[in-house]
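Report on one structure; see the data block that follows.
The values are calculated or read from the model by the stated rules, or taken from the named source; none is laboratory data. The shown structure was predicted, so the numbers you read here are calculated from the model rather than taken from an experiment. Because the Cβ atoms are built from the backbone with ideal geometry, glycine has one as well, and the counts that use them run over all protein chains shown. Note: areas computed on protein heavy atoms with side chains; ligands, DNA, RNA excluded. Shrake-Rupley method; radii C 1.70, N 1.55, O 1.52, S 1.80 Å.
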Amino acid sequence: QGFEVVEYDFPRYGEKSAVMVEEYLNGNLGSVNEVDSYQASVLYAVDRFAASKDMKNDLKQGKIIISNRYVSSNKIHQSSKIKDQKKLAEFLVWLEDLEYEKLKIPKPDKVIFLNMDYNIGRELVLKKEAEERKYLKGKKRDLHEENETHMKEAHQRACSLVKKYDDWVEIKCDVDNKPLPIEDIQKELLDLTLNIIK
């Protein structure tokens with residue numbers, strides 16, 4: 001399309017800055033609920049902070065950044081552990097302050113939520129190449145993925161957050177408990193992305 005685009009993928013497995021995320025996702029720091037929302041969020045934020053210098057340089061050069069997972073993933077997964085609405089609101093404010101104000105990580109112009117039922121997502125994870133998931137040391141699912149309750153609650157939280165934030169937009173990726181064809185999702189995603197850029 002003639003745009004200069006850089007892709008980032010978080011967490012950046014294999015990088016030093018993501019070591020503690022790998023420890024968390026392997027269950028070495030405790031269960032999903034033993035590692036609270038604040039503790040887990042800091043681990044992911046450190047990895048983004050380590051990448052932020054390169055990201056800022058890319059933006060200065062006029063490049064467009066597309067990131068697979070970002071602060072929104074922390075909002076979804078970590079806030080789903082919090083049931084009390086007042087504590088949830090406090091956490092979301094704290095997280096934005098940590099990442100965008102204190103660590104000065106670039107703030108996205110738009111968050112695109114690819115909405116797929118959590119059960120389909122859990123099954124699709126099993127089709128990922130072992131090379132992609134070396135950090136799991138042979139396991140098929142990470143700490144979040146193996147916990148069905150967590151995945152269900154994270155999906156529900158994502159569906160509520162997309163309504164809360166004006167800069168979030170949703171693309172439905174399944175119908176009748178089956179994923180939509182990749183080509184259909186890709187076309188909608190490309191059209192939406194081009195509208196955002198233009």
Q: Any chance you could look up the accessible area of Glu146 with a 1.4 Å probe, heavy atoms only, rounded to 10 Å²?
A: 100
Q | Mean residue ellipticity (222 nm) of the chain, computed from DSSP H runs ≥ 4 via -39,500 (n - 2.57), nearest 500 | A | -15000 deg cm²/dmol
**Q.** Dipole axis of the chain (+1 Lys, Arg; -1 Asp, Glu on Cβ), positive-most option in Leu190, Val42, His77
**A.** Val42
Q) Compactness ratio of the chain: Cα Rg over 2.2 N^0.38 Å, N = residue count? A) 1.02
Q: Take the solvent-accessible surface of the protein heavy atoms, probe 1.4 Å, and return the percent of it on the chain that carbon and sulfur atoms account for.
A: 51
Q.
Before I look further, what does the chain give for accessible area per residue, probe 1.4 Å, in whole square angstrom?
A. 60
Q. Which of Phe91, Val21, Asn33 sits farthest toward the positive end of the charge dipole of the range 3-94, with +1 on the Cβ of Lys and Arg and -1 on the Cβ of Asp and Glu?
A. Phe91
Q: Please identify, among Asp36, Asp184, Asp47, the residue showing maximal mean-square fluctuation in a Gaussian network model of the chain using a 10 angstrom Cα cutoff.
A: Asp184
**Q.** Total charge dipole magnitude, the range 40-127, about the Cα centre, Cβ charges on Lys, Arg, Asp, Glu only, Debye to nearest 20
**A.** 100
Q | Loop sites in the range 29-96: trypsin sites (Lys or Arg not before Pro), DSSP, at most 11 other Cβ within 10 Å | A | Lys83
